[in-house]
Amino acid sequence: AGENAWIDLVVDPIEGTNLCARGEPGAICVIAAVLDGEGTLLAVPECYTNKLVLGRDLRQHLLIARTGEGHAYPPLGGLLGWDVKDLAAWVAAHRGKAIRDVVAMVLDRPRNQPVIEALRSCDVQLKLIRDGDVTAALLALDPHHDVDFTLGIGGAVEGVLTAAMARCYGGYIEARWWFPPDTFTPANRVAAAGFDTLGHYDTVGLAGDHVLFALAAVTGNDLMHGVRFERGGTVRCTVISGQSRTGMVGRREVVIRRNG
């Protein structure tokens, strides 16, 4: 990087602030970054998006059309336009399991009640979370976990952070703007800022070219230990990081020794 190079960042200092305040599992700190001219992170306002997150193998099954260069595209109109039952059946077919064995993770909010009820009606196993949809997305992207997909309405900024992770894991995210019923001002502001309020954004649209991410567990979850304060002033935490250029994702234990 040159002397005047810049780094574009998207940061969530504590994703799951309520979880952290209560000392419950799932709070993380997460950051996504791109280097000067090498990548893009969509600068979204503080609004909501409806999001779907899939792992690498399901992304590969999505590819229904290819160009001569080998690029591929998801179904016309995106997966969020599918009926929930059709989506669950598609996941079940490509994961080689019955629909009743498909596991979906959804943020437990009143705005997500329609999708929760739709998933229950087709006998999908539901894991409801009170906070932390970036962590939920991570569980869907990680091939060693049993979450098949995450679905539902959450923060738009968290969608960009998830897209950076998806690029590194080889997974897929799709997002559409969602505005509370009977409120037109947020939609007008987003449209005036140049965003497509009717279409959808996929992984590359949210985080393009070369991106990096890193996250650390604050309170432990199914993948990582939280921050641990040990004898002698030693602090340990688990960090997961990745880069899209190589598709490498790694985890390590970070040890900090404090004096005094």
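In whole Hz and in residue order, list the ³J(HN,Hα) couplings for the range 119-134 that follow from phi through the Karplus curve 6.51 cos²θ - 1.76 cosθ + 1.60, θ = phi - 60°; x for Gly and Pro.
Calculated HN-Hα couplings, in order: 5, 5, 5, 9, 6, 6, 6, 9, 10, 8, 10, 7, 8, x, 7, 5 Hz.
Sum up the charges of everything whose Cβ sits under 14 Å from the Cβ of V249, counting Lys and Arg as +1 and Asp and Glu as -1, but leave V249 out.
Net local charge, V249 excluded: +4.
Let's test the formula: R0 of 25 Å, r as the Cβ-Cβ distance of A118 and A98. What FRET efficiency results, to the nearest 0.05?
Approximately 0.90, to the nearest 0.05.
Determine the calculated [θ] at 222 nm for the chain from helices alone, applying -39500 (n - 2.57) to every DSSP H run no shorter than 4 residues and normalising by the residue count; nearest 500 deg cm²/dmol.
-7500 deg cm²/dmol
Quick check: residue separation of I14 and L126 times 0.36 nm, minus the Cα distance between them. What number comes out in nm?
37.8 nm
By what distance, in whole Å, do the Cα atoms of the range 156-260 stretch along each of the three principal axes, largest value first?
Principal-axis extents of the Cα atoms in the range 156-260, largest first: 55, 34, 24 Å.
Note down the relative contact order for the range 121-260 as a percent, whole number, built from C-alpha pairs under 8 angstrom at least six residues apart.
Across the range 121-260, relative contact order equals 19 percent.
Scanning the chain for trypsin sites (Lys or Arg not before Pro) in DSSP loops with at most 15 other Cβ atoms within 10 Å, what's the longest stretch left with none?
No qualifying site falls inside 131-244, the longest such stretch.
Around E158, what is the net charge, scoring Lys/Arg as +1 and Asp/Glu as -1 over all other residues with Cβ under 12 Å from its Cβ?
-4
Chymotrypsin sites (Phe, Trp or Tyr not before Pro), restricted to the range 144-222: which are DSSP loop and have at most 13 other Cβ atoms within 10 Å?
In loop regions of the range 144-222 (DSSP not H, G, I, E or B), the sparsely surrounded chymotrypsin sites (Phe, Trp or Tyr not before Pro) are F184.
What is the dipole size for the range 144-244, taken about its Cα centre, with +1 at each Lys and Arg Cβ and -1 at each Asp and Glu Cβ, in debye to the nearest 20?
420
Around C237, what is the net charge, scoring Lys/Arg as +1 and Asp/Glu as -1 over all other residues with Cβ under 15 Å from its Cβ?
Net charge in that neighbourhood comes out at +3.
Computed from the coordinates by the stated procedures, all read-outs in this text should not be read as laboratory data. Predicted, not measured: the structure shown is a model, and the values here were computed from it. Neighbour counts are summed over all protein chains in view; Cβ atoms, including those assigned to glycine, are modelled from backbone coordinates with ideal geometry.
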